[in-house]
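The values are calculated or read from the model by the stated rules, or taken from the named source; none is laboratory data. What you are looking at is a predicted structure, and each value in this text was computed from that prediction instead of being measured. Don't worry about glycine lacking a Cβ; one is built from the backbone with ideal geometry, like all the others, and counts go over all protein chains shown. The accessibility values were calculated without ligands, DNA or RNA, using every heavy atom of the protein model including side chains. Shrake-Rupley method; radii C 1.70, N 1.55, O 1.52, S 1.80 Å.
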Amino acid sequence: MSAPTQAAPASAGYGRVLAVPEFRAVFAAYVLSMLGVIISEIALSVLVYDLTRSPLLSALTFALGFLPYAVGGALLAPFADRFPARRVLVGCDLVCAGCVALMTVPASGIGLLLALRCALAVVAPVFSGTRMATLADVLGDGDLFVLGRSLLRIVAQSALLVGYGLGGLLLTAVSPRHALLVTVATFLASAALLRCGTRHRPARKRRSTDTAPGPRPLWADRRVRVLLLMFWIPAAFSVVPEALAAPYADELGSGSAGLGLLMCALPVGTVAGELFAGARLGPVARERVALPLLCLTLLPYLGYALRPGLAASLVLLLLSGAGSAYTLGLDQWFVRAVPQELRGRAMTVLHAGLMTVQGVGMALAGVAAQTSGVRTAVAGAGVAGVLCCCALAVAARATGNDGGPKPETGLPGI
C-alpha cells in the first residue's frame, strides 16, 4: 500500500486532497487538459464541416473520440506501469500537443484531421489511466484517493457544462484552426505542471516480470472483472437520455432552451451527488451505500414511460445523476483489489472501457429510438439497466466488498 507524499489535515471533505501540493498540480493540469479537449472537439467539428459541408463527417469527429479508446486501452495499457508515471504523463501531453498542432496547418486535409483525431483518442486512455494510478501514489489508496478521483470527475462534469459554451464563444472571435492553438497551449501547460509539480517515481513493474499484455491478467480475476463491469454497464445505459436529448426536446416542443436543460440535468445531478457523498459521508458510509445506489441510479429512467413533460424529465435526470455517487465506494474497492504493480494498466483499461461502452450505448440508443420511439428507448434502458445493476450488486457481494479476505483469484496479490 502506498502512502500520500504529504500528510493531510484531519478535516472532512475535499479540502484534505487540495492540501496536498502534488495533487494540486495534477488537478490544475487536468482542468487545463479538459478545457483543451473540449475546445478541440468543437473547433475540429466546425473545421471538418467547413471543409466538407457534410454533417456525417462532422459528427464522425465526435465518434472518433470514443471508438479508438478500445485500441489504446488494449494495446498500450502496459505502458502505464512499464515506464515512470511522470514520463508517461508528460510524454502523452506532448504527443497530444503535437497532434493538435498539425491540425492547425492549413495544408492538413480531412483525412489527416480525422487520423490525428484518432491518434488523440488512442493516447487518451494511457494518459487517463496513468493519471489515476498516480493519484494513488500521491494520495495513498485510501479515502484521500477516493476524494481525489471524485474531484476530478466533478471537474469533468463541470467542464462539460461550461466548456462547450466557452468554445462556442471562442469560435465567434477566431477561426477553428486558431482556436485549436488554444488546445496546443493547454496541453503544453499541462505537461509543464506535471513535470514541475510532481516528483519522479520509478516504474511500477519491470520489463523482466511483465505479465501477459493487455487486459487479460485483470479480466482473469473474478473480483476485478465484476468491479470493471460495475463501472461500465451502468455507464452504457446512463448515456441514453443524453444521446436522445435532441429528438426528445423536439417531441416536447421545448426548443433549444429545453435541449440545453436536458443536456445539463444529468451532469448537474452527478456533481451534486458526488459533492454530497464526498463532503458529508465518511469512507464507511460511502461503501455501505454504493450497492443500493448502484441498483437505484437508473430507476428514474422508467419514469419516461409516463410521458413526462420537460420539468418532470429534468427531475428524473437529476435524480439519476445523483445516484452515480455509488462510484465513490466503487473506487475504493477497485484500488484495493488491484496490485500496485498493475494499477496503471488497470486504470487504463477501466477508462478505455468506460469511454467505449458509452459510445456503443449512444449508438444503440439511436437504433432503439428509431424503431420504438425516444420515451420507450429511455424507459427500456432503465429497465434493462436496473436488472443488470442488481445482478452486478449480487455478484459484488459474492466476491466480497468489505475490504476483508477475498476468494481465491487468478491474480497474485488480489
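Brief remarks follow.
- Check on VAL182, under 27 Å from TYR14 (Cβ atoms), in a helix (DSSP H, G or I), open to solvent by 20 Å² or more (accessible area, probe 1.4 Å) and β-branched (Val, Ile, Thr): no
- Against the conditions (1) modelled with pLDDT of 95 or more; (2) of a type outside the set (Lys, Arg); (3) more than 30 Å from LEU135 (Cα to Cα), THR371 satisfies every one except (1).
- Flag for PRO125 being buried (at least 22 other Cβ atoms within 10 Å of the Cβ) and of a type outside the set (S, T, N, Q): yes
- Among the residues of the stretch 138-176, just one is among the hydroxyl-bearing types (Ser, Thr, Tyr) and open to solvent by less than 20 Å² (accessible area, probe 1.4 Å), namely SER150.
- Count of residues meeting criterion [without any contact (Cβ under 8 Å) to a residue 40 or more places away in the chain and among the small types (Gly, Ala, Ser)] in the stretch 131-181: 3
- Of the helices (runs of 4 or more DSSP H) entirely within the stretch 238-316, those holding at least 3 residues that are surrounded by fewer than 23 Cβ atoms within 10 Å (Cβ to Cβ) and modelled with pLDDT under 90 occupy 245-252, 255-280.
- Pairing residues of the stretch 33-56 that are closer than 17 Å to LEU170 by Cα with residues that are surrounded by fewer than 20 Cβ atoms within 10 Å (Cβ to Cβ) and of a type in the set (D, E, K, R), at Cβ distances under 8 Å and at least 6 apart in sequence or on separate chains, gives ALA43/ARG177; LEU47/ARG177.
- Residue count, the stretch 18-58 (criterion: among the β-branched types (Val, Ile, Thr), open to solvent by 10 Å² or more (accessible area, probe 1.4 Å) and more than 24 Å from CYS92 (Cα to Cα)): 2
- Residue tally, condition free of Cβ contacts under 8 Å to residues at least 60 places away in the same chain, in a helix (DSSP H, G or I) and not β-branched (Val, Ile, Thr), over the stretch 369-397: 5
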